[in-house]
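> Next up is a structure, given as structure tokens.
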Amino acid sequence: MSTLDSAPGYENLAYMKESYPNSIDYIEHYAINHEMLQEIKGIEYAPFRIPCIFGYVFISQPTFKHGAKTDFYLVSRKDCRRPGRRFVTRGLDSQGNAANFVETEHIFVHYAPNEEMNVSSYVQIRGSIPLIWSMKPNLKWSPPVIINSNF
């Protein structure tokens with residue numbers, strides 16, 4: 001339960017969740033400004049709480065020979081708990097968060113002539129190798145990998 005659910009005196013929580021769903025219920029580890037949003041806790045500030053993802057959105061309407069309407073959405077979002085440059089931040093941290101973890105979703109929406117809508121989705125994830133390891137960046141082609149023991 002979030003702090004907004006337990007806030008006293010706000011009977012309109014259901015209305016605020018319906019009107020501003022992204023400012024009340026969002027996935028914290030994808031919001032790059034989550035720490036800043038924590039400072040604005042009151043439910044009455046929901047219209048001003050705008051979580052920003054660290055990612056990319058692409059929307060397209062490709063045309064196919066059969067002529068039916070199709071929408072394509074590409075959404076990528078990066079986990080903000082363990083970001084970093086590619087050759088500096090590696091492996092897992094003590095909480096199991098992989099470095100440079102990205103979730104990409106490919107969504108196709110096909111509209112049939114009888115007004116039926118078919119949705120297909122494919123989620124692809126990537127990130128650093130899920131081991132506790134590190135590698136000192138240098139100018140050599142293959143620097144040695146150091147696998148750490150337990151936390």
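The values are calculated or read from the model by the stated rules, or taken from the named source; none is laboratory data. All values derive from a computational prediction rather than experimental measurement. Backbone-built Cβ (ideal geometry, glycine too); neighbour counts: all protein chains shown.
> Restricting to the stretch 69-97, name every residue that is in a strand (DSSP E or B) and at pLDDT below 85.
Hit for the stretch 69-97 is 92, nothing else.
> Just need a number here: residues in the stretch 26-62 that are in a loop (DSSP other than H, G, I, E, B), exposed (fewer than 11 other Cβ atoms within 10 Å of the Cβ) and either assigned by TED's automatic domain parsing to the domain that holds residue 126 or in contact with a helix residue (DSSP H, G or I) (Cβ under 8 Å, 6 or more places away or on another chain) (or both).
2
> Right, next: Would you mind finding the one in 82, 77 that is in contact with a Gly (Cβ under 7 Å, 6 or more places away or on another chain) and either closer than 19 Å to residue 29 by Cβ or in the same structural domain as residue 27 (by TED's automatic domain parsing) (or both)?
77
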